[in-house]
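The values are calculated or read from the model by the stated rules, or taken from the named source; none is laboratory data. Remember, it's a predicted structure, so these values are computed and weren't measured experimentally. As a convention, Cβ positions derive from the backbone with ideal geometry for all residues, glycine included, and neighbour counts pool all protein chains shown.
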Amino acid sequence: MEYVIEMLNITKEFPGIVANDNITLQLKKGEIHALLGENGAGKSTLMNVLFGLYQPEKGHIRIRGQEVEITNPNIANDLGIGMVHQHFMLVEPFTVTQNIILGKEPKTKTGRIDIKRAEKEIRELSDRYGLKVDPTAKIRDISVGMQQRVEILKTLYRGAEVLIFDEPTAVLTPQEINELMDIMRSLVKEGKSIILITHKLKEILQVADRCTIIRRGKGIGTVNVSETTESELASLMVGREVNFKVDKQPAKPKQTVLKINNLHVRDKRKVDMVKGLDLEVRAGEIVGIAGVDGNGQSELIEAITGLTRVQSGQILLNDQDITNKSPRKITESGLGHIPQDRHKFGLVLDYSVGENMVLQTYYKEPFSKRGILNLKEIYRYAKKMISAYDVRTPDAYTKARSLSGGNQQKAIIGREVDRSPDLLIAAQPTRGLDVGAIEFIHKKLVEERDKGRAVLLISFELDEILDVSDRIAVMFDGKVVADVKPEETNEQELGLLMAGSELQKAGEGK
Amino acid sequence: MTTNHKRSAILIPIISVLLGIIAGAIIMLVSGYNPITGYSALFRGAFGDAYAIGETIRRTTPYILSGLAVAFAFRASLFNIGAEGQVIVGWLTAVWIGISVDAPMIIHLPLAILGAAIAGAIWGFIPGLLKAKLGVHEVIVTIMMNYIALFSTNEIIRNVLTDHKTTTESIKDSASMSSEWLSSMTYYSRLHYGILLALFVAVIIWFIIERTTLGFEIKAVGFNPHASRYAGMNVSKNIILAMVISGALGGLAGAMEGLGTYGNISVMSGFSNIGFDGIAVALLGANTPLGVILAALLFGSLKEGANEMPTGAGVPTELVDIIIALIIFFVASSYIIRWALLRYQGRKAK
């Protein structure tokens with residue numbers, strides 16, 4: 001079988017580190033080839049080499065047997081390589097068609113954009129691969145899953161033969177993920193080839209033909225997916241045995257820590273997002289909130305933590321009313337919060353790791369006295385935390401910005417957990433992290449539970465919800481629509497509940 | 001990595017200044033002047049004798065304070081273009097108190113200085129409040145506040161402090177910062193005690209920024225208001241506070257002129273430029289107090305030395321303004337210099 005793309009013995013160095021060390025990746029025509037590696041293993045670097053953004057120090061690239069030199073992304077495009085980015089590059093107020101033709105507009109004889117012709121072509125492409133995209137819809141009116149398909153169409157419209165998917169499922173619901181898998185299969189059936197960058201093992205097993213693994217910049221090898229298992233892939237990626245099942249004893253819930261009564265919250269556009277929600281979390285249990293993004297989870301967290309005003313209803317933390325109190329009051333009443341967006345809320349990226357460690361406690365002794373900081377104490381504490389939570393950083397004075405995502409998250413978790421809060425809110429705590437870091441974080445959450453804390457976990461990953469939670473509250477359209485036990489349900493049922501089906505109907509579907 | 005960052009923070013302003021001076025030399029050459037005589041006249045004018053040195057330091061003094069004003073606001077990610085207006089109201093208030101109050105020096109002088117700081121603080125408070133509560137951009141408000149300061153000050157000088165004159169009477173001796181000792185040491189230049197105050201304030205500001213919870217909050221809000229709110233900081237309060245402190249520093253810069261250099265205030269046909277130059281000083285000084293002191297000294301010596309250029313070398317003072325403008329240009333385009341530095345270092349690393 002011929003290879004469409006061969007990246008042979010690629011070595012790419014940056015000052016101080018070897019990002020890619022002798023990596024070989026060979027993509028067969030018509031296959032889905034997974035590229036697996038932890039965060040920071042060098043997957044993106046390798047793809048940027050293929051895309052012409054970096055020049056490798058050693059090694060060469062062959063496209064359909066021809067040796068090529070890709071010095072900029074335009075050459076990659078001309079060679080038929082297209083990238084579906086993790087963060088979509090779309091203009092929101094434009095239509096699907098306008099986005100797809102952007103930069104490559106078909107013109108009529110008089111020099112005007114031939115939008116009719118473009119729409120026709122895009123509709124044909126969409127039908128051919130079963131994408132079901134409406135070319136006239138505006139981007140801001142369509143779902144995230146649909147936006148991703150627009151990105152796929154964009155590469156196809158530009159004549160891509162090889163599609164690179166960069167962590168494509170990170171933003172999708174379980175149903176959308178399944179649909180994406182079908183789309184990928186129909187793409188290869190039509191003769192396209194796919195490179196799937198991911199660190200999600202399940203997806204690889206589900207859809208990929210072969211898998212190339214890289215670990216800390218080194219090529220570990222390529223395996224046939226049909227001949228491997230999840231745990232083999234995981235240990236190849238991490239370099240050690242990985243424990244998938246979250247180790248935990250049954251929960252022993254005690255007194256109620258968080259109680260929410262008939263909560264109503266609006267978002268910034270003044271649209272009701274939480275509509276009469278009731279929820280209870282007790283000490284010593286992990287309650288997972290399952291739901292499709294945009295059903296009020298973010299607003300719920302912001303309301304509990306004091307970042308958004310509550311319209312009506314009541315939030316009780318340890319029987320104390322914290323409704324519409326300031327974030328500091330709420331933090332001091334015993335709340336720890338691992339925020340969903342760690343860059344926006346969790347860290348001051350331009351502050352050092354040490355400064356970030358005391359972001360909520362800097363005004364208290366021993367970190368300051370009468371308004372004057374005790375830097376010695378702050379950094380002594382930071383060093384202790386760095387080793388206790390295994391935050392990999394050159395030192396406590398390094399800016400948080402230069403840490404990897406997993407280590408940033410470990411720093412936040414350390415900070416939030418170390419205050420010994422009665423209630424710990426973890427919003428998407430493992431988003432974008434690799435299995436090693438996920439394992440660590442899940443272990444910490446269970447540890448906190450066992451210490452008698454109440455843990456509220458919000459996640460869009462059903463695996464995570466099912467593995468970690470002791471109780472699952474399904475959120476749909478601003479309300480908790482079902483309260484289920486993880487051992488009595490499954491992904492299908494949860495998926496249906498999340499889409500708004502009643503529990504009974506979902507039960508029949510089992 | 002951090003050391004690298006620090007090194008380029010020092011290197012970039014120095015390279016910018018050198019490039020500005022080289023560009024100035026080229027302009028002198030093109031216009032038919034000898035750049036060497038031009039620059040030696042400039043140097044003589046700034047440091048040639050004790051008098052020149054005294055005058056240079058005198059000029060540097062308000063620049064330190066207006067530079068600190070802009071730099072402090074910058075640390076909260078606020079662009080205080082209103083330093084100019086804060087200088088003017090500070091100047092006016094200092095002179096007003098200096099003229100109208102009768103008290104022994106130990107009360108009168110601190111009162112006048114404090115009054116100037118409070119006037120500037122009020123001028124900073126208004127844009128701070130509008131920014132924090134209504135989201136009005138501080139650049140627009142501070143620009144407008146500058147005009148309000150300029151024209152109301154002129155009106156007060158003409159109709160309140162004097163009877164349709166253009167200059168007020170001199171402040172009482174008990175409110176004056178002028179120093180016989182410093183003055184006589186520098187051949188009777190106008191050097192006054194203000195420089196000591198300015199340096200002291202710079203140390204205080206450094207301490208606030210680097211060592212206090214207040215500075216911790218203000219910087220955090222400047223870097224990331226969302227994370228600051230999440231961490232329980234009061235973002236609005238910190239924005240207002242940053243503008244108030246910034247304004248107070250601007251007001252102090254005005255007091256230097258009112259209580260030190262001139263001892264009075266005159267109707268102004270245009271802005272004093274002390275506040276506007278403070279923006280450049282802050283930029284050049286990388287928004288750190290030490291950097292601001294050095295940048296202020298550079299500005300003070302360029303402006304003072306410029307006086308010598310027409311007589312000493314026949315070069316028009318406008319040229320000095322061009323050189324200063326070029327230096328600011330190169331500082332503002334420090335991105336280009338940083339890029340060139342990176343490329344150079346990258347090549348060396350290879």
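Return the pairs, sorted by first residue and then second, in which the second residue is surrounded by fewer than 20 Cβ atoms within 10 Å (Cβ to Cβ) and charged (D, E, K, R), the first residue lies in the range A:193-218 and is on the phi > 0 side of the Ramachandran plot and modelled with pLDDT under 90, the beta carbons are less than 6 Å apart, and the residues are 6+ apart or on different chains.
A:G217/A:D21
Quick check on the range A:282-293. Is at least one of its residues assigned to a loop (DSSP other than H, G, I, E, B), touching a Cys at 6+ places or on another chain (Cβ under 8 Å) and modelled with pLDDT under 95?
Looking for residues that are assigned to a loop (DSSP other than H, G, I, E, B), touching a Cys at 6+ places or on another chain (Cβ under 8 Å) and modelled with pLDDT under 95, one finds none in the range A:282-293, hence no.
Take the residues of the range B:206-230 that are among the hydrophobic types (A, V, I, L, M, F, W, C) and surrounded by fewer than 24 Cβ atoms within 10 Å (Cβ to Cβ): which is nearest to the other protein chains (Cβ to nearest Cβ)?
B:F223
Which ranges mark the helices (runs of 4 or more DSSP H) fully within the range A:169-257 that have 3 or more residues being among the charged types (D, E, K, R)?
Those helices (runs of 4 or more DSSP H) span A:174-189.
Does the range A:468-476 contain at least one residue that is under 21 Å from A:G406 (Cβ atoms) and out of contact with any Cys (no Cβ under 6 Å at 6 or more places or on another chain)?
Yes, because at least one residue in the range A:468-476 is under 21 Å from A:G406 (Cβ atoms) and out of contact with any Cys (no Cβ under 6 Å at 6 or more places or on another chain).
Give just the number: which of (1) in a loop (DSSP other than H, G, I, E, B); (2) within 14 Å of chain B (Cβ to nearest Cβ); (3) among the polar types (S, T, N, Q) does A:N324 not satisfy?
The single condition A:N324 does not satisfy is (2).
Looking only at residues that are within 24 Å of A:E448 (Cα to Cα) and of a type outside the set (K, R) in the range A:356-377, which one is farthest from the chain's Cα centre (by Cα)?
If we take residues in the range A:356-377 being within 24 Å of A:E448 (Cα to Cα) and of a type outside the set (K, R), then A:Y362 is farthest from the chain's Cα centre (by Cα).
Any residue in the range A:159-174 that is over 17 Å from A:R431 (Cα atoms) sitting within a Cβ distance under 9 Å of a residue that is of a type in the set (D, E, K, R) and not in a loop (DSSP other than H, G, I, E, B)? List the pairs, counting only those 6 or more apart or interchain.
Every condition considered, the pairs that remain are A:G159/A:D78; A:A160/A:K154.
Would you check if A:E285 is farther than 22 Å from A:A499 by Cα, touching a residue at least 40 places away in the same chain (Cβ under 8 Å) and acidic (D, E)?
Yes; evaluated as a whole, the condition is true for this residue.
Select from the range A:327-354 the residues that are within 7 Å of chain B (Cβ to nearest Cβ) and over 21 Å from the mean Cα position of the chain (by Cα) and list them in ascending order.
A:P327, A:R328, A:T331, A:D350, A:Y351
Is it the case that A:K444 is of a type in the set (K, R) and modelled with pLDDT of 95 or more?
Answer is no for this residue.
Here is a list of conditions, (1) buried (at least 20 other Cβ atoms within 10 Å of the Cβ); (2) over 19 Å from A:L497 (Cα atoms), and A:T256 meets all of them except one; can you say which number that is?
(1)
Give the residue that is nearest to A:M273 (Cα to Cα), with candidates limited to residues of the range A:301-321 that are in contact (Cβ under 8 Å) with a residue 60 or more places away in the chain and within 14 Å of another protein chain (Cβ to nearest Cβ).
Only one residue tops the list, namely A:I301.
Pick from B:I53, B:I81: which is under 21 Å from the mean Cα position of the chain (by Cα), within 30 Å of B:F223 (Cα to Cα) and not aromatic (F, W, Y)?
Unique residue meeting the criteria: B:I81.
Taking into account only those residues within the range A:91-120 that are closer than 19 Å to A:F51 by Cβ and surrounded by 12 or more Cβ atoms within 10 Å (Cβ to Cβ), which is modelled with the lowest pLDDT?
So the residue we want is A:K104.
Report yes if some residue within the range A:379-401 is basic (K, R), assigned to a loop (DSSP other than H, G, I, E, B), touching a residue at least 12 places away in the same chain (Cβ under 8 Å) and out of contact with any His (no Cβ under 6 Å at 6 or more places or on another chain); otherwise report no.
Yes, some residue in the range A:379-401 is basic (K, R), assigned to a loop (DSSP other than H, G, I, E, B), touching a residue at least 12 places away in the same chain (Cβ under 8 Å) and out of contact with any His (no Cβ under 6 Å at 6 or more places or on another chain).
Which pairs do you get when a residue that is touching a residue at least 12 places away in the same chain (Cβ under 8 Å), found in the range A:430-456, comes within reach of a residue that is basic (K, R) and buried (at least 23 other Cβ atoms within 10 Å of the Cβ), reach meaning Cβ atoms under 6 angstrom, with the pair 6+ apart or on two chains?
Listed pairs, sorted by first residue: A:V455/A:R449.
Give the range A:63-120 a look and list any residue that's in contact (Cβ under 8 Å) with a residue 40 or more places away in the chain and more than 29 Å from A:V171 (Cβ to Cβ), or say none.
Selection gives A:I63, A:R64, A:G65.
Just name the residue that is modelled with the lowest pLDDT out of those in the range A:384-402 that are in contact with a helix residue (DSSP H, G or I) (Cβ under 8 Å, 6 or more places away or on another chain), on the phi < 0 side of the Ramachandran plot and away from every other protein chain (no Cβ under 12 Å).
A:R392
Restricting attention to the range A:38-57, report how many residues are within 14 Å of chain B (Cβ to nearest Cβ) and either β-branched (V, I, T) or surrounded by fewer than 17 Cβ atoms within 10 Å (Cβ to Cβ) (or both).
Going through the range A:38-57 one residue at a time, the tally reaches 2.
Collect the residues in the range B:45-69 that are under 19 Å from B:I322 (Cα atoms) and either of a type outside the set (S, T, Y) or modelled with pLDDT under 95 (or both), keeping them in residue-number order.
Of everything in the range B:45-69, those that are under 19 Å from B:I322 (Cα atoms) and either of a type outside the set (S, T, Y) or modelled with pLDDT under 95 (or both) turn out to be B:G45, B:A46, B:R59.
Please tell me if B:T153 is away from every other protein chain (no Cβ under 14 Å), touching a residue at least 12 places away in the same chain (Cβ under 8 Å) and within 23 Å of the chain's Cα centre (by Cα).
yes
Test B:G32 against the stated conditions and say whether it is without any contact (Cβ under 8 Å) to a residue 60 or more places away in the chain, more than 14 Å from every other protein chain (Cβ to nearest Cβ) and either surrounded by 18 or more Cβ atoms within 10 Å (Cβ to Cβ) or not in a helix (DSSP H, G or I) (or both).
Working: without any contact (Cβ under 8 Å) to a residue 60 or more places away in the chain: yes; more than 14 Å from every other protein chain (Cβ to nearest Cβ): yes; either surrounded by 18 or more Cβ atoms within 10 Å (Cβ to Cβ) or not in a helix (DSSP H, G or I) (or both): yes.
Criteria met by B:G32.
Taking the range A:1-37 as the search range and keeping residues that are away from chain B (no Cβ under 14 Å) and outside any strand (DSSP E or B), which one is nearest to the chain's Cα centre (by Cα)?
In this case the residue turns out to be A:G37.
If I ask for residues that are more than 23 Å from the chain's Cα centre (by Cα) and among the polar types (S, T, N, Q), which ones from the range A:230-246 would you list?
Result: no residue meets the conditions.
Out of all the residues in the range A:115-135, which are in a loop (DSSP other than H, G, I, E, B) and at negative phi? Break it down into steps so the answer makes sense when it comes.
Going through the range A:115-135, the residues in a loop (DSSP other than H, G, I, E, B) turn out to be A:129-135.
Within the range A:115-135, A:Y129, A:L131, A:V133, A:D134, A:P135 qualify.
Could you list, in sequence order, the residues of the range A:1-50 that are of a type in the set (F, W, Y) and touching a residue at least 40 places away in the same chain (Cβ under 8 Å)?
If the condition is that a residue be of a type in the set (F, W, Y) and touching a residue at least 40 places away in the same chain (Cβ under 8 Å), then A:Y3 is the only one that fits.
Could you tell me whether the range A:299-317 includes any residue that is assigned by TED's automatic domain parsing to the domain that holds A:M475, out of contact with any strand residue (DSSP E or B) (no Cβ under 7 Å at 6 or more places or on another chain) and charged (D, E, K, R)? Give the derivation first.
From the range A:299-317, those assigned by TED's automatic domain parsing to the domain that holds A:M475 are A:299-317; that's our starting set.
Retained after the next criterion (residues that are out of contact with any strand residue (DSSP E or B) (no Cβ under 7 Å at 6 or more places or on another chain)): A:302, A:306-307, A:309.
Okay, now just the ones that are also charged (D, E, K, R), so A:302, A:309.
For the range A:299-317, residues assigned by TED's automatic domain parsing to the domain that holds A:M475, out of contact with any strand residue (DSSP E or B) (no Cβ under 7 Å at 6 or more places or on another chain) and charged (D, E, K, R): present.
Among residues belonging to the range B:265-303 that are over 11 Å from the mean Cα position of the chain (by Cα), in a helix (DSSP H, G or I) and modelled with pLDDT of 90 or more, point out the one that is nearest to B:F330 (Cα to Cα).
B:L298
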